[in-house]
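Mind having a look at this structure? Questions to follow.
Every read-out reported here was derived from the displayed coordinates using simple, explicitly stated rules and does not represent laboratory data. Nothing here was measured: the structure is a model prediction, and the numbers come from that model. Because the Cβ atoms are built from the backbone with ideal geometry, glycine has one as well, and the counts that use them run over all protein chains shown.
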Amino acid sequence: MSATIIDGKAIAKQLREETAKQVATFTEQTGVTPHLVVVLVGEDAASQVYVRNKEKACLTAGMKSTIHRLSAETSQTELLELIDQLNRDQQTHGILVQLPLPGQIEEQAVLDAISPLKDVDAFHPENVGLLAQGRARFLPCTPAGCLQLIQHVCPETSGKHAVILGRSEIVGKPMGLLLIQRGVDATVTTCHSRTKNLAAITSQADILIAAIGKANFVTAEMVKPGAIVIDVGINRVDGKLVGDVDFQAVSEIASAITPVPGGVGPMTIANLLKNALTAARIQVSQQAE
Ligand code: GUN
């Protein structure tokens with residue numbers, strides 16, 4: 001079997017165009033341009049690229065974007081002060097602090113400090129709680145993007161066995177919450193570094209999501225024939241980007257697979273824009289009260 005390659009770039013473009021239309025209508029009706037503020041601390045090369053891409057996508061969708069670039073020596077107190085200022089600023093609708101942060105800053109303290117109404121990453125405990133209870137305010141960008149890609153090739157996910165590799169707060173955990181929500185109705189198994197008989201579990205997956213950050217970790221022997229394989233990994237090997245899945249071998253077994261790059265990555269940004277618009281809507285409606 002030769003798998004369908006799931007074109008994340010094209011699907012993300014569609015989603016971004018839809019959001020751009022909604023932004024235009026929102027701005028026409030309210031006079032407000034949604035404004036996403038991104039905070040980048042330090043010089044991490046990959047983060048610089050991600051942040052620039054986020055800004056470009058915002059502008060293309062008709063939103064305003066501001067990047068605060070802080071030195072790698074920024075203290076936690078300084079960063080928390082900036083967040084406090086952005087939380088109180090009525091012209092700032094969404095706040096994203098690019099991860100990872102330098103070692104002197106405690107990541108969780110920073111994410112907890114962002115107003116949950118401006119938390120476009122959906123990392124704040126209040127937003128994680130709402131998601132867990134099936135009443136999400138913002139959908140976490142990468143897991144939401146994975147689900148959209150899955151639904152693109154498999155509109156009926158009810159009763160399907162989804163196996164997630166990785167239990168991170170950014171992808172693995174929220175991915176499970178999205179897949180078991182009513183209306184999606186998958187049966188979810190989450191595997192991690194201590195899971196025993198990993199290949200025996202992954203081989204049962206109708207939908208396999210790899211989010212562990214290990215290049216080419218998922219081999220053909222671990223995949224059930226006809227499975228849908230979503231590769232969240234972005235690893236650099238000899239200067240080349242590769243996913244967590246051995247793409248060549250697995251694409252001979254799977255029915256559909258995402259490439260790296262051009263699979264999940266573009267979906268993350270498309271969902272970020274959607275959340276920035278949602279954040280603007282929430283704040284405009286609150287200010288009108
Ligand atoms: N760094 C890598 N992925 C992400 C993400 O989704 N959000 C933030 N804030 N930082 C990241």
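Take ASP231, ASP89, ASP121 and order them by how many other Cβ atoms sit within 10 Å, fewest up front. Walk me through the numbers before you get to the answer.
Numbers: ASP231 27, ASP89 13, ASP121 23.
Sorted ascending by nearby Cβ count, the order is ASP89, ASP121, ASP231.
Still on this structure, please answer the following. Let me spell out the model: positive unit charges on the Cβ of Lys and Arg, negative unit charges on the Cβ of Asp and Glu, origin at the Cα centre of the chain. What dipole size does that give, in debye rounded to 20? It would help to have the intermediate numbers written out before the result.
Working: 25 positive and 29 negative charges, 111 e Å.
Charge dipole, the chain, about its Cα centre: 540 debye, nearest 20.
Right, another one. Take the residue pairs LYS196/LYS224; LYS9/LYS56; LYS173/LYS196; LYS64/LYS173; LYS160/LYS196; LYS240/LYS274 and return only those whose Cα atoms are more than 26 Å apart.
Numbers: LYS196/LYS224 18 Å; LYS9/LYS56 15 Å; LYS173/LYS196 19 Å; LYS64/LYS173 31 Å; LYS160/LYS196 22 Å; LYS240/LYS274 30 Å.
From the list (LYS196/LYS224; LYS9/LYS56; LYS173/LYS196; LYS64/LYS173; LYS160/LYS196; LYS240/LYS274), the Cα-Cα distance tops 26 Å for LYS64/LYS173; LYS240/LYS274.
Full-extension gain between GLU43 and ALA109, please, as 0.36 nm times their residue separation minus the C-alpha to C-alpha distance.
Values: separation 66, 0.36 × 66 = 23.76 nm, distance 2.09 nm.
Once the chain is fully extended between GLU43 and ALA109, it gains 21.7 nm.
Right, something else. Multiply the residue gap between ARG281 and ASN53 by 0.36 nm, knock off their C-alpha separation, and tell me the result in nm, one decimal place.
Numbers: separation 228, 0.36 × 228 = 82.08 nm, distance 2.32 nm.
Taking 0.36 nm per residue and subtracting the Cα distance, the gain is 79.8 nm.
Around LYS240, under 15 Å between beta carbons, what's the net of Lys plus Arg minus Asp minus Glu among the other residues?
Working: positive: ARG236; negative: ASP231, ASP238, ASP244, ASP246.
Cβ neighbours under 15 Å give a net charge of -3.
Same structure, new question: Helix 45-60 versus the longest principal axis of the chain: what angle, 0 to 90°, nearest 10, using Cα atoms?
Relative to the chain, helix 45-60 is tipped by roughly 70 degrees.
Could you check the simple spin-label distance between LYS13 and LYS240, using points 7 Å along Cα→Cβ, in nm with one decimal?
2.5
Once Lys and Arg get +1 and Asp and Glu get -1 on their Cβ, which of ALA210, VAL284, ILE269 lies farthest toward the positive end of the dipole of the range 206-289?
VAL284
Right, something else. With the crude spin-label approximation of a point 7 Å out along Cα→Cβ, what separation in nm comes out for ALA288 versus LYS214?
Taking the two extended label points, one gets 5.1 nm.
I need the peptides 51-62, 69-80 ranked by packing, meaning the mean over residues of other C-beta atoms within 10 angstrom, with the highest value on top. Don't skip to the end; give the middle numbers.
Values: 51-62: 17.7, 69-80: 14.2.
Most protected by this proxy first, the peptides run 51-62, 69-80.
Continuing with this model, one more query. Multiplying the sequence separation of GLU73 and ILE5 by 0.36 nm and subtracting their Cα-Cα distance, what value in nm do you get? Numbers along the way, then the final one.
Values: separation 68, 0.36 × 68 = 24.48 nm, distance 4.27 nm.
This chain segment gains 20.2 nm when fully extended.
Assuming R0 = 35 Å, what is the FRET efficiency of GLN204 and SER168, from their Cβ-Cβ distance, to the nearest 0.05?
Numbers: r = 22 Å, r/R0 = 0.63.
The formula returns an efficiency of 0.95 here.
Which order results if SER115, SER2 are arranged by neighbouring Cβ count within 10 Å, fewest first? Don't skip to the end; give the middle numbers.
Values: SER115 18, SER2 10.
The most exposed by this proxy come first: SER2, SER115.
Can you tell me the FRET efficiency between THR30 and THR189 if r is taken as the Cβ-Cβ distance and R0 is 41 Å, rounded to the nearest 0.05? Let's see the in-between values first.
Details: r = 44 Å, r/R0 = 1.07.
Computed FRET efficiency for THR30 and THR189 comes out at 0.40.
Another question, then. With +1 on each Lys and Arg Cβ and -1 on each Asp and Glu Cβ, how big is the dipole of the range 36-160 about its Cα centre, in debye rounded to the nearest 20? Mind showing how you got there, number by number?
Details: 10 positive and 15 negative charges, 133 e Å.
With Lys and Arg at +1 and Asp and Glu at -1, about 640 debye.
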